[in-house]
Amino acid sequence: MKRLFLTATLCCAAIGTVTAVLDTAKIDEITGLKGKLNEREGVYKVSFPRSDVKVVVDGWAMPPFMGLGTWAGFTGGNERALMMGDTVLFEDEVNPVMSIALDNGLSVTALHNHFFFDQPKVYFMHIEGEGTAEQLAGAVRKVYDKIKEVRAANPQPKDTFGGTELPEKNSISAEPLNKIFRMSGEANNGMLKFSIGHPATMHGVKIDNAMGVNTWMAFAGSDDNAVVDGDFAVTEDQLQSALKAMRIGGINIVAIHSHMTHEQPRILFFHYWGKGPAKKLAEAIQGALLASGLSGVTTQASN
């Protein structure tokens, strides 16, 4: 295989009337990895196994070959390329790495598990991007470097977010949060919950808040030391803006996936977890609602 420039007979993504070729040597140089070409599909893929941390699944020491490979595939040309990839991450890597991906122009499209009874827990974050091959390779390199940075600081993945323990008795004040979200939350034993519906249809039937198509947030702890968890319901066009705003606000994303099939518009859900002063957490979530165009637009009601 020739390494400098792939000829049109080796790799080919026709964009308009121009046959595009990738400078694969440049991709290798930027990512620090040696890729492989799929000649039939015109895809150049770089990859590496997550062999730096031993993973045990259901009591079995799992070889990386069995599904612990991080990869990024490139297609198109140097000036107009598409990148898609899957990134193997441990829990304490997910959010730092996600922030790096988002800050460098990549989209994060899914976050989920592949196994049960895995120690430590393994997650898979899917990424994609459009741009020049050099830009995309540079963003991918920063994602991979962040993984190395996290593991260099702590060779064994952490098993907690850290921070102070929550008080035994919940005592969230409703009024400050009601004011931030401009709606009344549902109070329960010192906890507070809000829910905002996202109208959609499925098989021609209207579905909304009560059918689970909603963004919700639940607060526990105290006003100064609180935890929030919840779920965002977003369209594909709203997902990246919401994720960026949540990460800027210090909220951890713990899953990105779908809940339904055949809904219109397509709705994606991401689950989150945050710790800190209740008002600060609420402001971060409200910022994500505003950034994604959800606040003041969708149906609002308590769950």
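Among residues belonging to region 136-177 that are among the β-branched types (Val, Ile, Thr) and outside any helix (DSSP H, G or I), point out the one that is nearest to Ile253 (Cα to Cα). My answer is Thr160. At least 1 residues being open to solvent by less than 60 Å² (accessible area, probe 1.4 Å), touching a residue at least 40 places away in the same chain (Cβ under 8 Å) and not charged (D, E, K, R) is the threshold, and among the strands (runs of 3 or more DSSP E) wholly inside region 17-135 those reaching it are 18-20, 43-49, 69-76, 81-90, 107-112, 122-131. What do you reckon, is Val228 in a helix (DSSP H, G or I), within 23 Å of Ile256 (Cα to Cα) and out of contact with any Asp or Glu (no Cβ under 8 Å at 6 or more places or on another chain)? Considered against the rule, which asks whether it is in a helix (DSSP H, G or I), within 23 Å of Ile256 (Cα to Cα) and out of contact with any Asp or Glu (no Cβ under 8 Å at 6 or more places or on another chain), Val228 comes out as no. Residues in region 253-303 that are modelled with pLDDT of 95 or more, touching a Leu at 6+ places or on another chain (Cβ under 6 Å) and either part of a loop (DSSP other than H, G, I, E, B) or of a type in the set (A, V, I, L, M, F, W, C) (or both): Ala255, Ile256, Leu268, Ala282.
Quickly run through region 211-224 and pick out the residues that are within 26 Å of the chain's Cα centre (by Cα) and either buried (at least 20 other Cβ atoms within 10 Å of the Cβ) or in contact (Cβ under 8 Å) with a residue 12 or more places away in the chain (or both).
Correct list: Gly212, Val213, Asn214, Thr215, Trp216, Met217, Ala218, Phe219, Ala220.
Just one of (1) within 21 Å of His112 (Cα to Cα); (2) surrounded by fewer than 16 Cβ atoms within 10 Å (Cβ to Cβ) fails for Pro265. It is (1).
Collect the residues in region 178-202 that are assigned to a loop (DSSP other than H, G, I, E, B), under 20 Å from Gly287 (Cβ atoms) and in contact with an Asp or Glu (Cβ under 9 Å, 6 or more places away or on another chain), keeping them in residue-number order. Lay out the reasoning, then the answer.
So in region 178-202, the residues assigned to a loop (DSSP other than H, G, I, E, B) come out as 182-185, 189-190, 198-199.
Narrowing the set further to residues that are under 20 Å from Gly287 (Cβ atoms) leaves 182-183, 185, 198.
Once the filter is applied, which keeps residues that are assigned to a loop (DSSP other than H, G, I, E, B), under 20 Å from Gly287 (Cβ atoms) and in contact with an Asp or Glu (Cβ under 9 Å, 6 or more places away or on another chain), region 178-202 yields only His198.
The values are calculated or read from the model by the stated rules, or taken from the named source; none is laboratory data. Predicted model, so just to flag it, every value in this text is computed and none were measured. FYI the Cβ positions are ideal-geometry reconstructions off the backbone, even for glycines, and counts take in every protein chain you see. Heavy atoms of the whole protein, side chains included, go into the accessibility calculation; ligands, DNA and RNA do not. Shrake-Rupley method; radii C 1.70, N 1.55, O 1.52, S 1.80 Å.
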